[in-house]
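Have a look at the structure below before the remarks.
The values are calculated or read from the model by the stated rules, or taken from the named source; none is laboratory data. Note that the structure is predicted; figures quoted are calculated from it, not measured. Every residue, glycine among them, receives a Cβ derived from its backbone with ideal geometry; neighbour counts consider all protein chains shown.
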Amino acid sequence: MGLGDFIARQFPYVRKLEERAIALEQIAKRYSSQSSGVDIVGGQFDYEYNTKLKGSLRWDVLEEMQNDPHIKGALNHRILPLLSAKWEIQAGSDKAKDKDIADFVAANLLNKSSDKYGREFWLQTSWRQRLFEILDMLDSGFSMFCKTTRPVGAKRVYDRLHWLEPSSVDPHGWDLEDDTDRIRTVWRTYRTPQGVFRLRKKLDAAEISLYIWELKGARYEGKAFIRPMWGAFFRKERLQKYATIWAQKVGAPVPSGSYPSSWPEDVRQKFVEFIEGLRGTSPTELYFVGPQGPDGKSHEVKYAGADAGELDRSRGLIDGENAEIAHAGGTKAMLLGETATGAKAVADPISGIELIYLEATAATVADFSNFGAANLRGEVQELVDWNFAGVKEYPQLVCSKIHPYQGIEHVEGIIKAVQAGVLPMHEALRRQVAERYGLNLPDDAYEVEEPVGLPLDRGKPSDEDQDANKKNGNGDMMKREERALALEVFRGRMSYLLQPMEDAPVRGAGFRRARTRLEGMHVNLAAVQDSFRVGESDMMLVLRDVHWRMLEEIMRRVADGKIDTRNIESQRRSKFRGTEKALELVQRTLRKVADRGADHAEQELKSQREAPRAVA
Amino acid sequence: MPLLEKYARGIAEELGVVAQVSLGDLWNRLLGEGLGEWTRLNREGVAGDDLERRLRAHLEGLSEKPLDDVSRKSAAVAYNQGRAAEIESLSDRGQVEFVVRSEILDDRTCEVCAALDGQVVEVGSDEFFQLMPPARCLGGERCRGFYVPIAE
């Protein structure tokens, strides 16, 4: 029996106090572990556990980390390609009104003038500067802007989106609503350029625009992109200090000497001066000559630590930490070829993955700019709401061409779709395909040729044909002439069939002109019309079914918790699991439509062969 | 008369491309809408059953116009591919050499199709493929053009 038990038994009130303390401790534990809200105490977010990276202490640490060459490299890798990418405001639809709205937003946010919206609509800062400021969220976790506006005619535009130093946000400055976690105000403490100290200056939610890296729930300070590099940075910094000390010791070794005890004093003194001279960095003129001892032994000179090993013996450890930084920064491709292992051969596929990281970063920027963060409105939508009523399809900030060959993998599919007639050959399509190959051709190179047809009056070779014939010999010319002649003869024979029927109405009843004899006598136009209609209707039924399956798949993913904020981009690229079955259904339906077309063509020929041929 | 093997194979491939592009369009649109709405709801703090209910309502409330467009487009392409395969097959058997493009159906024909109406082209020539309806039509999926074979 311990003393505690003895006291508790003898003095029951002690036991009660002890039980109460245990109960309170349990309650405290339960509250801290089961809290569903964001971890915030007295206006300071508390979800970061490392004290060096909390509160105002973190800014110096993060600054120091950004100056590490490998961390800076990772940041540049994530930031610079986005600065050179193409950013634009995409209209909500092809309607003139939506295009006008997009032009207006582009003029203000991207400083891109159009015929209607010129420089007077521009923001004070350029888009590139602002993008750089937005991407400070990678360094700091969040990037905050103070919005000011000005009127331009009847419109209201942003005058300035002023980037606020993240360190000026008071560590205890986040004022959130209970229950909803909406941001009410943010308090800042800072010194003005004139040296005036501002303590707890208030910014209302309506004045703020916020970009957050790794936003989860109400963690509005986010998490800096470089945060996971902290451990490696911390260890590397120490390793480098030790390596430097070691390099000092081994790279600039301390000389030591010994001489025979029989040497006279004056020789000893010269030897000491010689050893002293070896301490310098340029002992090029130094020399010493002295006698040997009676036993034939002479003096000895050594360097402390010279035989202790290589100068750069911490390299392996430091490389290991750099690899950790590259893992966290998604820059493994940069590391290949730099270290003793790795090969350029695998760099390309890795770069492909890293390109996806870049796209995700661009999408994050666009998302916040379009839709805002938490209860803070996105700049694009806010700007539209101030100036246009009843907008259904909002314009959006979008980013493309992060990599000159981005999207090139789809080109083959696009070409097939054009050949199949699913996509029309259009100037814009040609331009996009060419640009995906990194080509920038003159405007006229994209023009779509006029439809190639054989005019009804064509028959004889043109002057150009005859010139070409003179240059190239007669072979091609003969073939062209033969074809043209055959066509002419054929037209002559068939002209009766290609003329309008005498009794056919000129227009109407679903027809754009009078039927020709060919169409009136040998084509079942009602059946053709019906095939288009039934084909559409059958396809619609199948597509509705497929659409429903697709919808159910998306809902299943949501129900199974497979969609979260971190994998949203990979979800966006995911495939429909039921593709194979859906393809089979659609192909079967299309095949029925095609078979009808084939039957009709066969019937039309049969009808012509069986009918008595009239000649014009 | 059955299609010649090479045309039967060709049409299967072409319809496969049409089907893939059509389904890709639908999936990308629906997934994009779904993830966009999920993100919006998530940002508003909606979760669990409520999120699922609202997301489903959003997806079920989407317009059917894209489905309608894909149906029209793919049916027009398929019907004309079927006609073309039959015509080419019969051309190989020496039964047809020329076709005429007809735009008689639909009284809202686009400028390009109106200009091509009545064009006679040789089966298998470059023009035959370049002008095969709905190629060149400004209305895309709304085209009602087709080739009529002309017997030898």
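Within segment A:220-266, the only residue that satisfies the criterion of being crowded, with 17+ Cβ neighbours inside 10 Å, among the β-branched types (Val, Ile, Thr) and part of a helix (DSSP H, G or I) is A:Val250.
For segment A:559-583, the candidate set comprises residues that are within 9 Å of chain B (Cβ to nearest Cβ) and under 21 Å from A:Arg544 (Cα atoms); within that set, the residue that is surrounded by the most Cβ atoms within 10 Å (Cβ to Cβ) is A:Ala582. Of all residues in segment A:111-168, those satisfying the criterion of being under 27 Å from A:Leu358 (Cβ atoms), in contact (Cβ under 8 Å) with a residue 40 or more places away in the chain and outside any strand (DSSP E or B) are A:Trp127, A:Arg128, A:Leu131, A:Phe132, A:Ile134, A:Leu135, A:Met137, A:Leu138, A:Asp139, A:Ser140, A:Gly141, A:Pro166.
When restricted to residues that are β-branched (Val, Ile, Thr) and under 16 Å from B:Ala78 (Cα atoms), segment B:131-151 contains 1. Among the candidates A:Arg566, A:Arg557, A:Arg533, A:Arg549, the residue that is of a type outside the set (A, V, I, L, M, F, W, C), under 20 Å from B:Arg43 (Cα atoms) and not in a loop (DSSP other than H, G, I, E, B) is uniquely A:Arg557. Do the conditions hold for A:Asp98, that is, is it out of contact with any Asp or Glu (no Cβ under 7 Å at 6 or more places or on another chain) and either part of a loop (DSSP other than H, G, I, E, B) or surrounded by 15 or more Cβ atoms within 10 Å (Cβ to Cβ) (or both)? No; evaluated as a whole, the condition is false for this residue. Test B:Asp68 against the criterion of being at pLDDT 85 or above, facing another protein chain (nearest Cβ under 7 Å) and closer than 29 Å to B:Val21 by Cβ, and give yes or no. Considered against the rule, which asks whether it is at pLDDT 85 or above, facing another protein chain (nearest Cβ under 7 Å) and closer than 29 Å to B:Val21 by Cβ, B:Asp68 comes out as yes.
Mind listing just one residue for me: the one in segment B:123-146 that is over 16 Å from the mean Cα position of the chain (by Cα) and more than 7 Å from chain A (Cβ to nearest Cβ) and, of those, nearest to A:Met540 (Cα to Cα)? Ranking the candidates gives B:Phe128 first.
Of the candidates A:Ala486, A:Ala527, the single residue that is outside any loop (DSSP other than H, G, I, E, B), at pLDDT 80 or above and over 30 Å from A:Gly578 (Cα atoms) is A:Ala527.
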